[in-house]
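Engineer: Got a structure for you, written out below as structure tokens; questions coming shortly.
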Amino acid sequence: MADHHSDHHAEDNPAAHVDNVPNLLVIYVCLIAGCIATIGVSMAGLGDQSIYIHMAISTVQAVLVLYYFMHLKRSDSLTWLTIGSAFFFMLILFALPLSDFLTRKWGAL
């Protein structure tokens with residue numbers, strides 16, 4: 001009978017999952033730059049169009065946090081499927097109220 005515990009790969013070794021510090025510092029600086037950019041956009045006086053820029057910056061920051069700090073870059077396919085389904089249901093939860101808001105006639109009762 002074969003011993004399956006002796007077939008260790010690099011993925012099974014916890015020491016192989018140590019992130020390199022310069023890479024993490026670059027990601028951290030990108031997140032701080034996103035915060036500064038968000039403050040700059042809010043002070044720029046762009047009016048109603050600033051929400052789109054804020055959402056784009058926030059999306060990039062969320063993806064960086066998910067991918068690097070929550071270690072999605074080395075997660076298995078089940079974790080990716082779970083994240084994808086969560087985003088799919090979040091889109092549904094945003095789309096339904098937004099469709100009501102965009103199709104509503106505001107002047108009539």
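Engineer: Name every residue in segment 24-54 that is in a helix (DSSP H, G or I) and modelled with pLDDT under 90, in order of residue number.
Structural biologist: Across segment 24-54, the qualifying residues are Leu24, Gly47, Asp48, Gln49, Ser50, Ile51, Tyr52.
Engineer: Then there's this: Taking Ile57, is it open to solvent by less than 50 Å² (accessible area, probe 1.4 Å) and of a type in the set (A, V, I, L, M)?
Structural biologist: Against the criterion (open to solvent by less than 50 Å² (accessible area, probe 1.4 Å) and of a type in the set (A, V, I, L, M)), Ile57 qualifies.
Engineer: Right, next: When you look at Leu78, is it of a type in the set (A, V, I, L, M) and either over 28 Å from Val21 (Cα atoms) or at pLDDT below 85 (or both), yes or no?
Structural biologist: No, not satisfied.
Engineer: While we're here: When you check Leu102 against the structure, is it open to solvent by 80 Å² or more (accessible area, probe 1.4 Å), over 22 Å from the mean Cα position of the chain (by Cα) and among the aliphatic types (A, V, I, L, M), yes or no?
Structural biologist: yes
Engineer: Same structure again: Determine whether Lys73 is part of a helix (DSSP H, G or I) and not hydrophobic (A, V, I, L, M, F, W, C).
Structural biologist: Yes: the conditions hold for Lys73.
Engineer: Also, I was wondering about something else. Output the qualifying pairs, or none if there are none: Cβ atoms under 7 angstrom, residues six or more apart or on different chains, first residue in segment 55-80 and within 20 Å of Gly40 (Cβ to Cβ), second residue hydrophobic (A, V, I, L, M, F, W, C) and surrounded by 13 or more Cβ atoms within 10 Å (Cβ to Cβ).
Structural biologist: That search, which allows pairs on different chains as well, returns Ile57/Ala37; Gln61/Leu31; Leu64/Ile27; Leu64/Cys30; Leu64/Leu31.
The values are calculated or read from the model by the stated rules, or taken from the named source; none is laboratory data. Please read these numbers as outputs of a predicted model, since none were measured by experiment. Every residue, glycine as well, gets a Cβ built from its backbone with ideal geometry; the counts of neighbours run over all protein chains shown. Just the protein is used for accessible areas: all its heavy atoms, side chains included, with ligands, DNA and RNA removed. Shrake-Rupley method; radii C 1.70, N 1.55, O 1.52, S 1.80 Å.
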